[in-house]
1. I'd like the FRET efficiency for R284 and N364, computed as 1/(1 + (r/R0)^6) with the beta carbon distance as r and R0 of 25 Å, rounded to 0.05.
2. Between the alpha-carbon centers of region 181-222 and region 237-269, tell me the distance in whole angstrom.
3. Let me have the relative contact order for the chain, percent, based on Cα pairs under 8 Å that are six or more residues apart.
4. How far is helix 320-334 tilted, in degrees, relative to the longest principal axis of the Cα atoms in the chain, given as a value from 0 to 90 rounded to the nearest 10?
5. Starting from the Cα-Cα distance between D225 and Q39, subtract it from 0.36 nm times their residue separation and give me the gain in nm to one decimal.
6. By counting other Cβ atoms within 10 Å of each Cβ, how are I458, I410 ranked from fewest to most?
7. What percent do you get for the relative contact order of region 1-122 when only Cα pairs under 8 Å and 6+ apart count?
8. What FRET efficiency do you get for V62 and K330 if R0 is 35 Å and r is their Cβ-Cβ distance, rounded to the nearest 0.05?
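Any read-out appearing in this document is the output of simple, stated calculations on the displayed coordinates, not a laboratory observation. Nothing here was measured: the structure is a model prediction, and the numbers come from that model. Every residue, glycine among them, receives a Cβ derived from its backbone with ideal geometry; neighbour counts consider all protein chains shown.
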Amino acid sequence: MSRVLVVDDELSMRELLEIFFLKEGHEVHTAADGSAGVQRLLEDEYDLVLTDLRMPGTHGMVVLERTRELYPDTPIIVMTAYASTETAIKAIKMGAYDYFTKPFKLDEVKAVIDKALERRALVLENRTLRQKLDSRDRFGGIIGRSQRMKDVFSLVRRVARTRTNVLLLGESGTGKELVARAIHNESERKSAPFLVINCAAIPENLLESELFGHRRGTFTGATTDREGLFQAADGGTLLLDEIGEMPLGMQVKLLRVLQERKVKAVGDLRESPVDVRVIAATNRDLREEVRAGNFREDLYYRLNVISIELPPLRERPSDIPLLAHHFLRKYAEEFHKPIRDIDPEAMRLLVRYPYSGNVRELENLIERAVALEEGDRIGPLSLPGNLRFQSQGPRPVEPVDSVELPESGIDLEGVVDDVERRLIGQALSRTGGRKKEAARLLGITFRSLRYRLQKLEIKSDDD
């Protein structure tokens, strides 16, 4: 139930709208002029304000200004008996959500008001998400509140207390390096170095030198002795990223270092002891690589003492708003832009996008949007066209070509209600009664689902 304020100097109009809103299940307050409307606003907050523009004394523009000043997220709809495009445009520029020209049809009013209230609900939900982004939703530099990410956080905490090797699995862009850094920072090694090497980015003839070091004169260009990353990370942690790309010859040498905990620089006859925790990361299926002969089985088991699998972003959509707002704050500050929010429609598109590049792709999308946006919130038009198109894909509308009208006719509203009742019941069953998740499956807002539950008299487990 929403709280609505109607400001109009015509008694008949106030009574008409009061009856309409009460019938829709809302709480209604009325004011007979602009001064009384402003006083109402000073006393309480409303989910929606409808105000006439032409009134004796304090006119509707003042009500609009005071509402925007006191409650920026409250949608305002203006009404006027004068079909003045200039007045309507001025009101919209001042922040009105929409306008009606009297006389109007109540079904048109209902459609606009429902959208306005849904928009407010999404804005408030986004604000709540931003405010609740606390220590429970982040671990190190990793952000998420989905159950799968909570499981990752829990495993990282337990693994960090050990000295064993760890294998991080997951698609590119899921945050494997962040997890490796979190393991290091939570461990007793946190005061020692944390170093990273991408095994796919270094030619095979240089990789051994990068890892183990070399002696002067060993090869062309080796003008001085140089320690490798294992020696540099002594006492700390070394992340071997893209370990699945490491050549077989180097795999043999890495296996020996992991077994003996000693390294031998290229061109040296002596071995030096090292105390390094190794974390390996890959987006490949190493078991399949072992079967294909591309990865040594003994090295796989040496690295895979404990494995942590990071879920792709498309499998944890509840984390997308948290991440999006995090990146928004980051790039708004970096670009010195006063962008503080994401439009509900833009957020809907972001949540439904499949993200082949995972969190890294989401960050790039938000960075682009902040760079292009000229207003105070990211809107749909600041997002790439392919995102707006692909976001429509995951929820296709079922064809209805096979539906036929019986000769005797049907009760259309009854049939529609029955279909809605069945689909809502299935969604609630699939989500274990979690209404927000059910609303997401149905492609509607949480407020819209609550309205339908009341209308169709559907009881859920938590009622």
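1. 0.60
2. Taking the Cα centre of each part, region 181-222 and region 237-269 sit 10 Å apart.
3. It rounds to 11 percent for the chain.
4. Between helix and principal axis, roughly 80 degrees.
5. Here the segment from D225 to Q39 would lengthen by 59.0 nm.
6. In order of increasing Cβ crowding within 10 Å: I410, I458.
7. 22
8. Taking R0 as 35 Å, the efficiency between V62 and K330 is 0.35.
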